[in-house]
Amino acid sequence: MAWYFVHQRSPTVFIEDKEGEEQPDLESAVREAVVAAREIMSERVLDGKIPDQSQFEIADARGVIQAVVPFAETLSATGGPAVAQPRWMRVVC
């Protein structure tokens with residue numbers, strides 16, 4: 001188990017995750033970020049807003065960004081579930 005911090009960045013705002021969450025591995029942290037990104041985008045659409053270019057930046061306990069999850073890339077044209085190793089996930093380390 002390791003601690004991961006899921007920061008949210010948009011073109012105009014940065015929201016730092018100061019608490020973090022313990023996850024079995026980076027892949028698990030990414031899966032949770034995908035679900036959260038979809039929920040945030042759903043709320044924006046329901047409020048009549050266009051989803052922006054937000055993304056999650058997943059950092060380890062040292063503060064090093066390990067992966068970036070762009071919100072828009074969590075959607076599938078077919079509506080299928082996210083795959084275990086998303087082809088779009090940018091692993092930074």
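Per-structure values
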| quantity | calculated |
| --- | --- |
| Unmet requirement for I50, which otherwise passes all of (1) surrounded by 15 or more Cβ atoms within 10 Å (Cβ to Cβ); (2) in a loop (DSSP other than H, G, I, E, B); (3) out of contact with any strand residue (DSSP E or B) (no Cβ under 9 Å at 6 or more places or on another chain); (4) not aromatic (F, W, Y) | (1) |
| Residue pairs meeting the criteria (Cβ under 8 Å; at least 6 apart or on separate chains; first in a helix (DSSP H, G or I), in the range 20-40; second of a type in the set (S, T, N, Q) and loosely packed, with under 15 Cβ neighbours inside 10 Å) | E27/Q85 |
| Some residue of the range 55-68 being in a loop (DSSP other than H, G, I, E, B) and modelled with pLDDT under 85 | no |
| Selected residue (only one of F56, F5 is in contact with an Asp or Glu (Cβ under 7 Å, 6 or more places away or on another chain) and without any contact (Cβ under 8 Å) to a residue 60 or more places away in the chain) | F5 |
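The values are calculated or read from the model by the stated rules, or taken from the named source; none is laboratory data. Fair warning: this is a prediction, and the values are worked out from it, not measured in the lab. Methodologically, a virtual Cβ is constructed for each residue, glycine included, from the backbone with ideal geometry; neighbour enumeration extends over all protein chains shown.
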